[in-house]
Amino acid sequence: MRIDSCRKCGMELEVHKKCEVCGDAIQFFCHKCGNISDEQIHSVCYLVNMNRNLLQASVA
C-alpha cells in the first residue's frame, strides 16, 4: 500500500477511505493539519461496482 506525505505539512498520511471492491487505500488524511487528499478512483473497480449495482437493481 502506498502512503505518501502530506502536501501541506509533510507529515505521514493515514488511510481515510478504502476501495469497496479491492480494499486498497483511495483517500488519505493528515492528523497534523487536517488535510484530506483527493479520492483516487480505480477505473476497473468502478466498473465492477457499477455492474454489481446494476445486477442488484435488476434482481430486486
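Some notes on this structure:
- Contacts under 6 angstrom Cβ, first residue in the stretch 43-60 being under 22 Å from ILE26 (Cβ atoms), partner open to solvent by less than 100 Å² (accessible area, probe 1.4 Å), 6 or more apart: CYS45/CYS19; CYS45/VAL21; CYS45/CYS22; VAL48/VAL21; ASN49/VAL21
- From the list MET50, MET1, the lone residue that is touching a strand residue (DSSP E or B) at 6+ places or on another chain (Cβ under 7 Å), open to solvent by 70 Å² or more (accessible area, probe 1.4 Å) and modelled with pLDDT under 95 is MET1.
- Residues of the stretch 10-19 that turn out to be more than 8 Å from the chain's Cα centre (by Cα) and open to solvent by 50 Å² or more (accessible area, probe 1.4 Å), as a count: 3
- Residue check for CYS6: among the hydrophobic types (A, V, I, L, M, F, W, C), at pLDDT 95 or above and open to solvent by less than 80 Å² (accessible area, probe 1.4 Å): no
- Residue tally, condition open to solvent by 60 Å² or more (accessible area, probe 1.4 Å) and either in contact with a Cys (Cβ under 9 Å, 6 or more places away or on another chain) or part of a loop (DSSP other than H, G, I, E, B) (or both), over the stretch 34-45: 6
The values are calculated or read from the model by the stated rules, or taken from the named source; none is laboratory data. The shown structure was predicted, so the numbers you read here are calculated from the model rather than taken from an experiment. Counting neighbours? That spans all protein chains shown, and the Cβs are built from the backbone with ideal geometry, glycine included. For accessibility, only protein heavy atoms count, side chains too; no ligands or nucleic acids. Shrake-Rupley method; radii C 1.70, N 1.55, O 1.52, S 1.80 Å.
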